[in-house]
1. Taking the Cα-to-Cβ direction at Thr82 and at Ser117 and moving 7 Å from each Cα, how far apart do the two end points lie in nm?
2. Rounded to whole Å and sorted largest first, list the principal axis extents of the Cα atoms in segment 79-127.
3. If you place +1 on the Cβ of every Lys and Arg and -1 on the Cβ of every Asp and Glu, how big does the dipole about the Cα centre of segment 60-112 come out, in debye to the nearest 20?
4. For the charge dipole of segment 70-128, defined by +1 on Lys and Arg C-beta atoms and -1 on Asp and Glu C-beta atoms about the Cα centroid, which residue among Cys73, Ile98, Leu123 has the Cα displaced farthest towards the positive pole?
5. Run the 1.4 Å probe and let me know the accessible area of Trp60, rounded to the nearest 10 Å².
6. Just to make sure I understand: if all protein chains stay in place, what is the order of Asp85, Asp61, Asp99 by accessible area at 1.4 Å, largest first?
7. In debye, nearest 20, what is the charge dipole magnitude of segment 30-71 about its Cα centre with +1 on Lys and Arg Cβ and -1 on Asp and Glu Cβ, if you could check?
8. Give me the one-decimal nm value for the distance between modelled label points at Asn124 and Val105, 7 Å along each residue's Cα-to-Cβ direction.
Amino acid sequence: VLVSGGKLRVGLPGRSAVILVPRPWQASPKKIAVSFQVEASTYWGQNVYVTGNLAELGHWDLSRARKLVPQSCSGQTCSWTTSIDLPLGQAELKYVKIDESLDVVWEQGANRVLQVSAGVTPLNPYFR
């Protein structure tokens, strides 16, 4: 068997045959847009991020966490939102607050678990 220039050459003795079975083509996993929303109290210069076990959530690396955008606010409490395309399946995540000095406040409790599917169930909308 010789592969050169994108061509496959197979040398066979007389009265023989070969069957080549290519690997099935695998498309990248289907993704759907997931809307994140969390109510959180922050101070000037502090922002809310989401991170988790998927590449789209930064693989728990805070330098790659996804920043949420403050929407309707009442005093220091805002509704922080973003939309992220996630692959179908299960995701673990947490919200985290990070300020300009890089002080970090992780959400308390166990990781949130999200089953990403066509009918995504909303998570508890409050920073714990």
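1. 2.6
2. 38, 22, 19
3. Working: 6 positive and 7 negative charges, 27 e Å.
In debye, rounded to 20, segment 60-112 gives about 140.
4. Leu123
5. 90
6. Values: Asp85 90, Asp61 65, Asp99 15 Å².
I get Asp85, Asp61, Asp99, largest accessible area first.
7. Working: 5 positive and 3 negative charges, 40 e Å.
Computed about the Cα centre, the dipole is about 200 debye.
8. Label at Asn124, label at Val105, 1.7 nm between them.
The values are calculated or read from the model by the stated rules, or taken from the named source; none is laboratory data. Given the structure is predicted, the values throughout are model-derived calculations rather than measurements. Cβ: placed from backbone, ideal geometry, glycine included. Neighbour counts: every protein chain shown. Remember, those area values only see protein heavy atoms, side chains included, never the ligands or the DNA or RNA. Shrake-Rupley method; radii C 1.70, N 1.55, O 1.52, S 1.80 Å.
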